[in-house]
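Please treat every number below as a calculation from the coordinates, not as lab data. Nothing here was measured: the structure is a model prediction, and the numbers come from that model. When we count neighbours, we look across all protein chains shown, and the Cβ atoms used for this are built from the backbone with ideal geometry, even at glycine.
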Amino acid sequence: MADRRPADDCVHCGFCLPVCPTYVAWSAEADSPRGRIDLARGLADGRLPLSAAVVSHLDRCLGCMACLAACPSGVRYDVVIEEAKAAVERAGARPAGDRLFRGFLFSLFPYPARLRVAAFFLWAYRAIGLQWLVRRSGILKLLSRRLAQLESLAPPVTWHHVVARLPALVPAEGTRRARVGLVGGCVQKVFFPAVNEATLRVLAAEGVEVVVPEGQGCCGALSAHAGRPEESARLAHALLERFEGLELDAVIVNAAGCGSHLKDLAPLFPGDPALAERARALSRKVKDVNEFLAALPAVAPRGPYPAKVAYHSSCHLGHAQGITRQPRELLQAVPGLSLVEVPNAEECCGSAGIYNLVQPEAADELGRRKAERVLSTGAPVVVSANPGCTLHIQKMLRERGAAVEAAHPVEILDASIRAGRRR
Ligand code: SF4
Ligand code: SF4
């Protein structure tokens with residue numbers, strides 16, 4: 001008998017349909033989790049050709065994992081869609097322009113050194129006023145919708161983004177309660193240095209020694225989610241070697257997409273049981289920073305953060321890792337902070353890895369809905385635990401001229417702890 005595959009566990013109950021943003025938007029079975037599972041099974045069985053329509057339905061999946069969380073039968077939709085996307089990628093079944101654009105993205109994003117060069121050009125582009133001119137003229141939209149999207153997602157890059165580096169070791173303040181490693185990330189490291197800096201300060205204040213292994217690159221999450229398992233395995237293997245042998249209590253991740261990937265690395269190494277075991281050992285230590293801090297009784301006094309803060313639940317934190325309670329509890333414990341939910345907080349904002357770059361229209365449709373819901377809360381700050389969500393939500397809010405700040409929950413904790421020290 002042939003091996004049972006994850007797609008075979010689907011019993012077609014349809015419970016996942018109402019939570020799927022693409023099914024809700026387009027009402028087509030082929031744009032639902034159940035429909036995509038059938039497409040993936042048809043492809044694997046050789047019953048279906050890899051037509052442009054099939055590729056499009058698979059590519060329109062956000063990978064938000066709302067269906068994974070909603071499925072009562074425990075179907076591993078994450079495995080189904082990653083395998084199907086890998087089949088599309090291997091067959092080179094997309095148009096040449098699409099393949100070229102994806103190739104460009106994956107020659108840039110997983111490499112922090114290249115991202116830093118891009119950050120330098122973005123800083124110069126902004127500093128000389130070219131960004132203002134390009135955005136105002138709308139010229140990029142006339143040339144390429146995707147390039148326009150890439151440009152519009154760029155955060156306001158400062159010189160700090162270009163030069164920021166993380167220390168190799170941050171000692172614990174007071175009695176050491178744990179020793180952890182920090183995954184600096186690739187996009188996070190270059191475009192959100194403040195999030196890593198806040199993470200280090202909060203952990204140290206809570207009595208945690210933090211090691212930041214040098215020479216870390218990308219963890220391979222973006223590649224895995226886009227159907228590039230070989231590339232993902234190469235990147236994950238390199239990262240694994242940076243963390244092994246450091247005698248850590250935990251490996252801390254502050255980007256939800258990376259965390260969900262790092263918690264399940266072993267399947268990337270199917271032909272190498274020894275390496276798969278090393279990957280499992282690393283995965284067992286991986287903790288999202290919210291998850292880790294919520295389990296560690298706080299010792300650093302919190303000072304006031306007198307503001308209304310809207311909570312956006314990033315898909316790879318809530319749906320993929322099941323971390324929903326911890327960031328909310330951490331934020332609710334901040335004096336003066338009033339935490340409000342973004343209506344329908346669990347719905348994807350449209351960022352979804354490289355989705356907002358390769359499917360800009362669909363991503364912006366979702367992003368517009370998210371921005372309107374954030375604005376409906378009246379909060380001046382929205383928090384998200386994933387850099388992709390933050391970039392996309394910031395862009396959608398910026399396009400509305402809204403003065404809402406986007407932050408990581410750990411930045412709010414950091415501000416609160418620093419306020420506590422000033423008292
Ligand atoms: S994926 Fe799960 S929830 Fe969706 S139809 Fe299949 S069994 Fe039902
Ligand atoms: S991952 Fe998200 S977009 Fe894709 S099928 Fe599941 S719910 Fe729908």
Would you grab the residues whose amide H sits under 5 Å from the one on T324? Only those 5+ places off in sequence or on another chain, please, with H modelled 1.01 Å from N.
none
Across all Cα atoms of the range 97-162, Rg and the largest Cα-Cα distance (Dmax), in Å, are 12.6, 34
How large is the dipole of the range 6-94 about the Cα centre if only Lys and Arg carry +1 and Asp and Glu carry -1, each at its Cβ, rounded to the nearest 20 debye?
140 debye
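What do you get when you divide the Cα radius of gyration of the range 241-376 by 2.2 N^0.38 Å, with N the number of residues? Don't skip to the answer; put the middle values down first.
Details: Rg = 17.9 Å, N = 136, 2.2 N^0.38 = 14.2 Å.
With N residues counted in the range 241-376, Rg over 2.2 N^0.38 Å equals 1.26.
How large is the Kirkwood hydrodynamic radius of the range 17-138, counting all unique pairs of alpha carbons, in Å?
Values: mean 1/r = 0.0588 Å⁻¹.
In the range 17-138 this quantity evaluates to 17.0 Å.
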Near A7, within a Cβ-to-Cβ distance under 15 Å, what is the net charge of the other residues, with Lys and Arg +1 and Asp and Glu -1?
0
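Please report the relative contact order for the chain, taking Cα pairs under 8 Å with a sequence separation of at least 6, and give it as a percent rounded to a whole number.
Values: 713 pairs, mean separation 62.9, N = 423.
So the answer I get is 15 percent.
To the nearest 20 debye, what is the magnitude of the charge dipole of the chain about its Cα centre, counting +1 on the Cβ of each Lys and Arg and -1 on the Cβ of each Asp and Glu? Don't jump to the answer; show the numbers that get you there.
Numbers: 51 positive and 42 negative charges, 226 e Å.
Dipole size: approximately 1080 debye.
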Semi-axis lengths, Å, the range 164-294, gyration tensor of Cα atoms, sqrt of 5 times eigenvalues
25, 16, 12
For the chain: lysine pairs under 24 Å (alpha-carbon distance), excluding those fewer than 8 apart on one chain:
12
The range 68-178: percent of C-alpha pairs farther apart than 15 Å?
78 percent
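Among 175-181, 210-216, how do they line up by average Cβ neighbours within 10 Å per residue, starting with the highest?
Values: 175-181: 16.0, 210-216: 17.7.
My ranking of the peptides, most packed first, is 210-216, 175-181.
Jot down the per residue volume, in cubic angstrom and as a whole number, of the convex hull over the alpha-carbon atoms of the range 308-422. Kindly include the intermediate steps, with their values, before the conclusion.
Details: hull volume 10.8 nm³, N = 115.
Residue-normalised Cα hull volume stands at 94 Å³.
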Compute a Gaussian network model of the chain, connecting alpha carbons closer than 10 Å, and tell me which residue from A320, A300, A66 fluctuates the most.
A300
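What's the magnitude of the charge dipole for the range 97-162 around its Cα centre, counting Lys and Arg as +1 and Asp and Glu as -1 at the beta-carbon? Answer in Debye, nearest 20.
My answer is approximately 120 debye.
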Per residue of the chain, what 222 nm ellipticity follows from adding -39500 (n - 2.57) for every DSSP H run with n ≥ 4, rounded to the nearest 500?
-15500 deg cm²/dmol
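Diagonalise the Cα gyration tensor of the chain and give the resulting equivalent ellipsoid semi-axes, square root of 5 times each eigenvalue, largest first, whole Å.
Values: eigenvalues 212, 136, 99 Å².
Here the semi-axes work out to 33, 26, 22 Å.
I need the GluC sites (Glu not before Pro) found in the range 220-318, filtered to DSSP loop residues with at most 14 other beta carbons within 10 Å of theirs. Intermediate results must be reported in sequence, preceding the final value.
Values: sites: E230, E231, E241, E244, E247, E277, E291; in loops: E244, E247.
In loop regions of the range 220-318 (DSSP not H, G, I, E or B), the sparsely surrounded GluC sites (Glu not before Pro) are E244, E247.
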